[in-house]
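> So that we are looking at the same thing, I have put the structure below in structure tokens.
The values are calculated or read from the model by the stated rules, or taken from the named source; none is laboratory data. As the structure is a computational prediction, the values presented were derived from the model and not from experiment. So basically every Cβ, Gly included, is an ideal-geometry build from the backbone, and we count neighbours across all protein chains shown. The area values use the complete protein model at the heavy-atom level, side chains included, leaving out ligands, DNA and RNA. Shrake-Rupley method; radii C 1.70, N 1.55, O 1.52, S 1.80 Å.
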Amino acid sequence: MSLDQTWVTEAIDATGTAFALKGKKLHEEQTPYQKIEIFETETFGYLMTIDGCTMVSTRDNFLYHEMMSHPALNSHPNPETVVIVGGGDCGTLREVLKHSEVKSATQVEIDERVTRLSEQYFPELCDKNGDPRATLFFGDGIQWMKDAAPGSIDVIIIDSTDPVGPAEGLFGKKFYLDCIKALKPNGMLVQQSESPLLHLELIKEMHAAMKEAGFVETTLLHFPQVIYPSGWWSGSIALKQKGSLVSRLDQADALDTQFYNRETHSAAFALPSFVKKALASI
Ligand code: SAM
């Protein structure tokens, strides 16, 4: 991420793509884990980047946070115990807590500074942090999952940075094995899995690793996300038990959301042909 006069630009060599917003830098710090920057943009409100990658903006974060939580929670028969790995901006936690059936939601974020800066610049995402069902734990999600009580979690949401640096180990068989152990028999995992257009090979590798670890079924959901590469993002779902994906859409329209409803729920699971083809052989 570079500040070029009044343009905040994320240029990615690996994909040959760039995204820019007009704005100015307000804050920059190097934590033990990563470099966090905060910008004030002209049209997208505040923007947080980590190691130069766009993470969250005031204007469009609802797309990602709603679609990383509601489709999965409404596809599980009774999501009482939810664990979010990463997600330090607290936006996913906020959406999870909108479900009355959730009895406990634990956010496991490695970098406390992400949460503290979000409290300052994205207070609307943190306004449910005091909910008695919420726990904010600061530590490595890989170690946390290793130590988790077996068979204790209904839904694991992996809301992490890209598979480099501290998040690298969240994208492999070893971590998935620990997730399977920690999930209840009908448990489900959903993980942010980058762009269907730009990162299809990564998505295939993730689904293959999930299956190798013992998840019996995987599927993909997709949704728009303006500030991420290609503007199109995905979540990968993995099931511990065959056929356990349900559609509890009766309450989908009752949630207080901006993008998610019963139609966008179904649309998110409707896969484009090239994605279907890529995942068919896994
Ligand atoms: N929505 C974003 C995206 O898809 O690019 C992710 C946003 S969220 C801020 C990602 C968080 O994952 C970061 O705050 C980062 O510190 C956290 N993270 C990365 N590796 C982690 C790990 N091993 N354990 C827990 N949190 C981790």
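> Could you tell me how many of the residues in segment 254-282 are of a type in the set (Ser, Thr, Tyr) and either modelled with pLDDT under 95 or open to solvent by 60 Å² or more (accessible area, probe 1.4 Å) (or both)?
3
> Restricting attention to segment 48-91, which residues are under 15 Å from ILE237 (Cβ atoms) and hydroxyl-bearing (Ser, Thr, Tyr)?
Listed by number, the residues that qualify are SER69, SER75.
> Additional query: Would you say HIS99 is at pLDDT 95 or above and open to solvent by less than 10 Å² (accessible area, probe 1.4 Å)?
So HIS99 passes the test.
> For the condition of a type in the set (A, V, I, L, M), within 30 Å of ASP253 (Cα to Cα) and out of contact with any Ser or Thr (no Cβ under 9 Å at 6 or more places or on another chain), what is the one hit in LEU93, LEU47, LEU117, LEU97?
Step by step, each of LEU93, LEU47, LEU117, LEU97 is checked, and only LEU97 is of a type in the set (A, V, I, L, M), within 30 Å of ASP253 (Cα to Cα) and out of contact with any Ser or Thr (no Cβ under 9 Å at 6 or more places or on another chain).
> Return yes or no: is THR92 crowded, with 23+ Cβ neighbours inside 10 Å, within 9 Å of the ligand (Cβ to nearest atom) and either over 16 Å from the mean Cα position of the chain (by Cα) or part of a helix (DSSP H, G or I) (or both)?
yes
> Would you call THR81 in contact with a helix residue (DSSP H, G or I) (Cβ under 6 Å, 6 or more places away or on another chain) and among the hydroxyl-bearing types (Ser, Thr, Tyr)?
Criteria not met by THR81.
> Sticking with this structure for a sec: Regarding ILE153, is this residue crowded, with 23+ Cβ neighbours inside 10 Å and in contact (Cβ under 8 Å) with a residue 60 or more places away in the chain?
The answer is yes for ILE153.
> What do you reckon, is LEU189 within 17 Å of LYS240 (Cα to Cα), in contact with a helix residue (DSSP H, G or I) (Cβ under 6 Å, 6 or more places away or on another chain) and at pLDDT 95 or above?
For LEU189, the condition - within 17 Å of LYS240 (Cα to Cα), in contact with a helix residue (DSSP H, G or I) (Cβ under 6 Å, 6 or more places away or on another chain) and at pLDDT 95 or above - is met.
> Is it fair to say SER266 is over 30 Å from ALA20 (Cβ atoms) and either in contact with an Asp or Glu (Cβ under 6 Å, 6 or more places away or on another chain) or assigned to a loop (DSSP other than H, G, I, E, B) (or both)?
no
> Given the conditions (1) under 30 Å from PHE44 (Cα atoms); (2) part of a strand (DSSP E or B); (3) open to solvent by 10 Å² or more (accessible area, probe 1.4 Å), report the number of the one that PRO166 does not fulfil.
(2)
> Within segment 63-81, does at least one residue satisfy the condition of being within 17 Å of the chain's Cα centre (by Cα) and farther than 25 Å from SER244 by Cα?
yes
> Related question: Being away from the ligand (no atom under 15 Å from the Cβ), buried (at least 22 other Cβ atoms within 10 Å of the Cβ), more than 19 Å from THR264 (Cβ to Cβ) and not charged (D, E, K, R) narrows it down to one residue among MET206, MET210; which is it?
It is MET210.
> Please specify each residue of segment 228-253 satisfying the condition of being part of a strand (DSSP E or B) and either farther than 20 Å from SER160 by Cβ or open to solvent by less than 20 Å² (accessible area, probe 1.4 Å) (or both).
Within segment 228-253, TRP233, SER234, GLY235, SER236, ILE237, ALA238, LEU239 qualify.
> Does any residue of segment 99-117 turn out to be among the polar types (S, T, N, Q) and free of Cβ contacts under 8 Å to residues at least 24 places away in the same chain?
Checked segment 99-117: at least one residue is among the polar types (S, T, N, Q) and free of Cβ contacts under 8 Å to residues at least 24 places away in the same chain.
> Which is away from the ligand (no atom under 12 Å from the Cβ), within 17 Å of ASP162 (Cβ to Cβ), in contact with a strand residue (DSSP E or B) (Cβ under 7 Å, 6 or more places away or on another chain) and not hydrophobic (A, V, I, L, M, F, W, C), of GLU10, GLU28, GLU80, GLU37?
Exactly one of GLU10, GLU28, GLU80, GLU37 is away from the ligand (no atom under 12 Å from the Cβ), within 17 Å of ASP162 (Cβ to Cβ), in contact with a strand residue (DSSP E or B) (Cβ under 7 Å, 6 or more places away or on another chain) and not hydrophobic (A, V, I, L, M, F, W, C), namely GLU37.
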